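These notes concern the structure reproduced below.
The values are calculated or read from the model by the stated rules, or taken from the named source; none is laboratory data. Everything numeric here is computed off the predicted structure, so don't read it as measured data. So basically every Cβ, Gly included, is an ideal-geometry build from the backbone, and we count neighbours across all protein chains shown. The protein model used for the area step is the full one, side chains on, heavy atoms only, and it has no ligands, DNA or RNA in it. Shrake-Rupley method; radii C 1.70, N 1.55, O 1.52, S 1.80 Å.
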Amino acid sequence: DTAVSQTPKYLVTQMGNDKSIKCEQNLGHDTMYWYKQDSKKFLKIMFSYNNKELIINETVPNRFSPKSPDKAHLNLHINSLELGDSAVYFCASSGAGGNEQFFGPGTRLTVL
Amino acid sequence: DQQVKQNSPSLSVQEGRISILNCDYTNSMFDYFLWYKKYPAEGPTFLISISSIKDKNEDGRFTVFLNKSAKHLSLHIVPSQPGDSAVYFCAATENGGATNKLIFGTGTLLAVQP
């Protein structure tokens, strides 16, 4: 029974397209996150939502728009995809206190 | 500006021996530190953590040591097992995690040889 799940696992698309990645957690956590792991394996936070409210936005281009329909879901929509957006995107969640974050399996996005 | 650094990209250890993974940080506001383990094609998995009010935390074969004056922490795995082979990420956060913002190092690939 997967705690944090992401779909799709792989996404290959052309430059200029718009795509979405979905994330769901069944841990009852209030806070969810999106991280990006680039080609240098550097894992960096992009966004954080707490109870559907944006609390962290790490100067990510506004082509990236997170959406949280409820506290169990945090989706990531990316407009006008660029080559540099190719990366692995991880969703995570945490409970009260937030120190320990639980990660999804990742979505490998390849922009051609 | 990388606030959390893991200067060893890889480490190879014999099964049964101790593995020591190191991590340095620059931000003196960090007060909570975590280690994550990551297998290929999977997300990072929480391993062990330590608050800045402690200098050691132990959980089974895993021990994390924190040296605040040196801004250095290390993860000891003993005895090392082949299943421990993975990438290990060090992470840090401020305000006891109230900001919920983890800053990660670049990871160390541990290979435990049978």
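Strands (runs of 3 or more DSSP E) fully within segment B:30-114 that include at least 2 residues being within 30 Å of A:Ala87 (Cα to Cα), β-branched (Val, Ile, Thr) and within 11 Å of chain A (Cβ to nearest Cβ): B:45-51, B:86-94. Could you tell me whether any residue of segment B:25-48 is within 14 Å of the chain's Cα centre (by Cα) and open to solvent by 80 Å² or more (accessible area, probe 1.4 Å)? No, there is no match, as no residue in segment B:25-48 is within 14 Å of the chain's Cα centre (by Cα) and open to solvent by 80 Å² or more (accessible area, probe 1.4 Å). Scanning segment A:89-111 for residues that are at the interface with another protein chain (Cβ under 7 Å from one of its Cβ atoms), over 19 Å from B:Ile103 (Cβ atoms) and more than 10 Å from the chain's Cα centre (by Cα) yields one hit, A:Pro105. Can you find a residue in segment A:71-81 that is open to solvent by less than 20 Å² (accessible area, probe 1.4 Å), over 17 Å from B:Ile103 (Cβ atoms) and at the interface with another protein chain (Cβ under 9 Å from one of its Cβ atoms)? Checked segment A:71-81: no residue is open to solvent by less than 20 Å² (accessible area, probe 1.4 Å), over 17 Å from B:Ile103 (Cβ atoms) and at the interface with another protein chain (Cβ under 9 Å from one of its Cβ atoms). Please verify whether segment B:1-10 includes one or more residues that are buried (at least 18 other Cβ atoms within 10 Å of the Cβ), under 13 Å from the mean Cα position of the chain (by Cα) and hydrophobic (A, V, I, L, M, F, W, C). Looking through segment B:1-10, at least one residue is buried (at least 18 other Cβ atoms within 10 Å of the Cβ), under 13 Å from the mean Cα position of the chain (by Cα) and hydrophobic (A, V, I, L, M, F, W, C).
Condition test on A:Leu43, is it hydrophobic (A, V, I, L, M, F, W, C), facing chain B (nearest Cβ under 10 Å), crowded, with 18+ Cβ neighbours inside 10 Å and more than 11 Å from the chain's Cα centre (by Cα)? When the stated conditions are applied, A:Leu43 passes them. I'd like the full set of residues that are small (Gly, Ala, Ser) and modelled with pLDDT of 95 or more, limited to segment A:94-112. Across segment A:94-112, the qualifying residues are A:Gly104, A:Gly106. Checking A:Cys23 against (1) at positive phi; (2) within 12 Å of another protein chain (Cβ to nearest Cβ); (3) modelled with pLDDT of 90 or more, which test does it fail? It is condition (1) that A:Cys23 fails.
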